[in-house]
1. Could you check region 10-39 and list, in sequence order, the residues that are of a type in the set (A, V, I, L, M, F, W, C) and out of contact with any strand residue (DSSP E or B) (no Cβ under 7 Å at 6 or more places or on another chain)?
2. Go through (1) at pLDDT 95 or above; (2) touching an Asp or Glu at 6+ places or on another chain (Cβ under 9 Å); (3) surrounded by fewer than 18 Cβ atoms within 10 Å (Cβ to Cβ) one by one and return the number of the condition E117 breaks.
3. Among the residues of region 141-170, which ones are of a type in the set (A, V, I, L, M, F, W, C) and not in a helix (DSSP H, G or I)?
4. Just checking, how many residues over region 24-55 are in contact (Cβ under 8 Å) with a residue 60 or more places away in the chain and among the charged types (D, E, K, R)?
5. Can you name every one of the strands (runs of 3 or more DSSP E) wholly within region 1-83 that holds 3 or more residues which are crowded, with 20+ Cβ neighbours inside 10 Å and within 18 Å of the chain's Cα centre (by Cα)?
6. Out of (1) farther than 17 Å from Y43 by Cα; (2) out of contact with any Cys (no Cβ under 7 Å at 6 or more places or on another chain), what's the single condition that is false for V107?
7. Can you tell me which residue among Q151, Q100 is modelled with pLDDT of 95 or more, of a type in the set (S, T, N, Q) and under 30 Å from N222 (Cα atoms)?
8. Of all the residues that make up region 136-188, how many are acidic (D, E) and in contact with a helix residue (DSSP H, G or I) (Cβ under 8 Å, 6 or more places away or on another chain)?
Amino acid sequence: MDAEHPLQLLVRNFELRCRLSPESRQALLDLPHSVQTMEAGSYLVREGEPPKKSVVPISGYACRQKITRAGTRQIIAIQIPGEAVDLQNLYLETADHNVQMLRRGTVALVPRDKLRELARSNSEIGEAIFAKTLVEAAIFREWVVNIGRRQAPQRIAHILCELGFRLKSMGLAKEYGYELPMTQEELGDAVGLTPVHVNRTLKLLVAEGLIERDKRSVSFPNWQKMRDAADFNERYLHPGIQAPIANF
């Protein structure tokens, strides 16, 4: 597999939970696509519009979000490189939420009808898409619990653990941490806290030795201690058939 192929990360993401034959992997790589650079804040999917392309971040990060009538934003998911951002819309005709770039990056644009045709004709790929959407639903459930039942330090610690685990699964995290793709305001929109509260909470996590920070980089001096403090169990991410992931 060509390491430079724009859809390689998508193949890797699907293979976290479903075994793909060489023919299925090649079929994904052969999908027609274009590559585009997107600025931070660019919309990949707009609520109320019909989806026409499946978007796969190659670099950079995106977020799913809902906007209230009052104009406030709730971030409901973070999408990392390699994760198709709108598989949920593959068989739906109208997007019910926005997907927006968090940071500048490149994306691969795949015609929705071509991916849908491939899912129908190739059972392995159809199963991988189904499994991916089920995992996304599991993540949504965990985020509801995170916002509704955990205290501020746990909320932030939990999302930091989740991002670290998902990035490590894809081979995108450093050995002991990663670069946080969110500002404190964006992190607040994901966990229901003000930027001031987020700032205080991050400082508390540092003071308690749960995380270390260097600008936007975050690392975990003791991964097990961080998991316990965050009430984090990766079961909801359904690691599946992937090789065991070493602790941070």
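1. If we filter region 10-39 for residues that are of a type in the set (A, V, I, L, M, F, W, C), which is where we start, we get 10-11, 14, 16, 18, 20, 27-29, 31, 35, 38.
Result: V11, F14, L16, C18, L20, A27, L28, L29.
2. (2)
3. Our first condition is that a residue be of a type in the set (A, V, I, L, M, F, W, C); within region 141-170, this holds for 143-145, 147, 152, 156-157, 159-161, 163, 165, 167, 170.
Within region 141-170, just M170 meets the criteria.
4. Residues that pass the stated criteria total 2.
5. 53-57, 62-67, 73-79
6. (1)
7. On the way: Q100 fails: under 30 Å from N222 (Cα atoms).
Exactly one of Q151, Q100 is modelled with pLDDT of 95 or more, of a type in the set (S, T, N, Q) and under 30 Å from N222 (Cα atoms), namely Q151.
8. From region 136-188, those acidic (D, E) are 136, 142, 162, 175, 179, 185-186; that's our starting set.
Retained after the next criterion (residues that are in contact with a helix residue (DSSP H, G or I) (Cβ under 8 Å, 6 or more places away or on another chain)): 136, 142, 162, 185.
Total satisfying the criteria: 4.
The values are calculated or read from the model by the stated rules, or taken from the named source; none is laboratory data. Please read all numbers here as calculations on a predicted model, not as lab measurements. Glycine also receives a Cβ, built like all others from the backbone with ideal geometry; neighbour counts cover every protein chain displayed.
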